[in-house]
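> Quick one: the structure is below, and I'll ask about it shortly.
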Amino acid sequence: MVMNKPLVIVTRKLPEIVEARMKELFNVRLNDDDHAFSRTELINAANEADILVSTVTDKIDQEVLSNAQIKMIANYGVGVDHIDLKTARNKMIVVTNTPGVLTDDTADMAMALMLGLSRRMGEGERQLRKSGWKGWAPTGMLGMRLGGKKLGIIGMGRIGQALARRAKAFGISIHYHNRKQIEEEIHNELGATYWSSLDQMIIQMDIISMNCPHTEETHHIMSKRRLGLMQKHALLINAARGDVIDETALIETLEAKAIAGAGLDVFENEPHVNPAFFTLENVVIAPHMGSATNEARAAMGEKVIINVKTYLDGHSAPDRVIAEWI
Ligand code: 8YV
């Protein structure tokens with residue numbers, strides 16, 4: 001589709017190098033003070049722009065899309081659960097994302113949460129900062145060794161596989177639940193065990209990591225019942241989306257010490273974080289930082305630019321999320 005000076009509205013402040021290139025290439029409206037768009041601003045942007053560059057902080061639902069004139073949503077990020085894809089499809093709006101370029105950083109974050117939690121890094125640091133450390137003790141701050149443990153990965157896509165490679169290097173055995181088995185070669189390289197029954201896998205694991213996208217099917221996939229299947233010494237890691245875990249049930253589970261702990265980079269109602277997490281010792285929490293490296297954020301911008309430019313040049317954008325009618 002070739003348009004006359006199409007307007008590209010970018011909802012959040014992006015890295016300088018990305019914005020500079022966007023200014024060279026497009027008729028672009030940037031968000032210099034990086035405020036999160038209000039609903040009205042988002043609706044107006046969708047009505048005025050030809051292309052919207054969105055992020056996870058923009059809830060692009062039916063109301064936003066109903067009168068929208070945008071032709072394309074080029075999302076800065078891989079997850080698209082904040083976009084109403086059905087309405088976008090009905091309105092023939094092209095939606096793209098940024099797969100691949102944040103895989104390693106997000107897997108690093110999951111690994112960091114796992115290490116931080118199993119070795120009680122947060123607790124130790126809090127103790128030191130409060131000047132509450134009385135010196136080394138044979139039984140002080142004992143954690144769980146990761147080597148020799150079983151990791152169950154829920155969602156074995158790019159990030160799940162990258163996490164599996166890291167975990168394998170730590171001597172952890174790899175188990176996974178996925179809609180289908182992964183490629184045989186990768187499966188063998190990882191020495192992985194595939195579980196078609198999620199429940200059966202959860203019962204056996206020392207660590208569970210959420211690495212699936214948030215969809216209707218995966219909403220609260222880690223339900224109260226499934227949290228109840230985890231072993232008492234087991235850890236739960238989430239660097240995917242808060243909504244894949246029933247957060248209220250998780251808090252109850254942690255308060256009851258029915259599992260050993262949770263490492264969370266994402267939450268159900270971001271940016272709101274349930275204050276219960278602030279007082280629980282057995283959690284490590286981070287403010288959605290999985291892809292927060294200079295390298296990933298620049299590469300995500302590069303992907304957005306390639307998607308927008310390709311589309312404006314009249315070709316199929318490479319990272320289309322909805323492909324059927326293109
Ligand atoms: C992004 C993420 O930073 O890409 C994703 O899905 O969760 C984050 O790493 C965020 O989505 C930006 O929109």
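The values are calculated or read from the model by the stated rules, or taken from the named source; none is laboratory data. Predicted model only: the values in this text are computed from it and were never measured. Cβ coordinates were reconstructed from backbone atoms using ideal geometry, including for glycine residues, and neighbour counts include every protein chain displayed. The accessibility values were calculated without ligands, DNA or RNA, using every heavy atom of the protein model including side chains. Shrake-Rupley method; radii C 1.70, N 1.55, O 1.52, S 1.80 Å.
Each row is one residue, and each column tells you yes or no for (1) free of Cβ contacts under 8 Å to residues at least 40 places away in the same chain; (2) within 16 Å of the ligand (Cβ to nearest atom); (3) surrounded by 20 or more Cβ atoms within 10 Å (Cβ to Cβ); (4) of a type outside the set (D, E, K, R).
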{"position": "251", "(1), (2), (3), (4)": "yes, no, no, yes"}
{"position": "255", "(1), (2), (3), (4)": "yes, no, no, no"}
{"position": "264", "(1), (2), (3), (4)": "no, yes, yes, yes"}
{"position": "269", "(1), (2), (3), (4)": "yes, yes, no, yes"}
{"position": "283", "(1), (2), (3), (4)": "no, no, yes, yes"}
{"position": "288", "(1), (2), (3), (4)": "no, yes, no, yes"}
{"position": "291", "(1), (2), (3), (4)": "no, yes, yes, yes"}
{"position": "295", "(1), (2), (3), (4)": "no, yes, no, no"}
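> Step by step: first the residues of region 104-130, then only those that are within 16 Å of the ligand (Cβ to nearest atom) and open to solvent by 40 Å² or more (accessible area, probe 1.4 Å), then the one that is farthest from residue 143 (Cα to Cα). Which residue is that?
For region 104-130, the residue satisfying everything is 104.
> So, restricting to helices (runs of 4 or more DSSP H) that lie completely within region 181-241, which ones have at least 2 residues that are polar (S, T, N, Q)?
198-204
> Quick one: which of 169, 164 is without any contact (Cβ under 8 Å) to a residue 12 or more places away in the chain, within 22 Å of residue 234 (Cα to Cα), assigned by TED's automatic domain parsing to the domain that holds residue 119 and of a type in the set (A, V, I, L, M)?
169
> Do we have any residue at all in region 150-161 that's in the same structural domain as residue 227 (by TED's automatic domain parsing), free of Cβ contacts under 8 Å to residues at least 40 places away in the same chain, under 25 Å from residue 245 (Cβ atoms) and buried (at least 18 other Cβ atoms within 10 Å of the Cβ)?
So far as region 150-161 goes, yes, one or more of its residues are in the same structural domain as residue 227 (by TED's automatic domain parsing), free of Cβ contacts under 8 Å to residues at least 40 places away in the same chain, under 25 Å from residue 245 (Cβ atoms) and buried (at least 18 other Cβ atoms within 10 Å of the Cβ).
> Can you find, within region 76-106, the residue that is farthest from residue 59 (Cα to Cα) among those that are out of contact with any Pro (no Cβ under 9 Å at 6 or more places or on another chain) and of a type in the set (D, E, K, R)?
Filtering first and then ranking leaves 104.
> Turning to a different aspect of this structure: Of everything in region 186-215, what is open to solvent by 60 Å² or more (accessible area, probe 1.4 Å) and acidic (Asp, Glu)? Give them in sequence order.
189
> Could you check how many residues of region 20-48 are closer than 22 Å to residue 297 by Cα and free of Cβ contacts under 8 Å to residues at least 12 places away in the same chain?
Matching residues across region 20-48 total 4.
> Give me the pairs, please: first residue somewhere in region 123-143 and not assigned by TED's automatic domain parsing to the domain that holds residue 277, second residue anywhere and of a type outside the set (Val, Ile, Thr) and assigned to a loop (DSSP other than H, G, I, E, B), beta-carbon distance under 9 Å, and either six or more positions apart or on two chains.
none
> Another question, then. Residues that are among the hydrophobic types (A, V, I, L, M, F, W, C), within 14 Å of residue 309 (Cα to Cα) and open to solvent by less than 70 Å² (accessible area, probe 1.4 Å), at least 2 per element: which strands (runs of 3 or more DSSP E) completely within region 1-103 meet that?
Here the list reads 7-10, 51-53, 72-74, 94-96.
> Among the residues of region 131-149, which ones are modelled with pLDDT under 95 and either buried (at least 19 other Cβ atoms within 10 Å of the Cβ) or closer than 22 Å to residue 197 by Cα (or both)?
none
> Also, quick follow-up: Quick one: would you say residue 301 is within 23 Å of the chain's Cα centre (by Cα) and in contact (Cβ under 8 Å) with a residue 12 or more places away in the chain?
Answer is yes for this residue.
> How many residues, within region 271-281, are away from the ligand (no atom under 16 Å from the Cβ) and open to solvent by less than 70 Å² (accessible area, probe 1.4 Å)?
Final tally of qualifying residues: 4.
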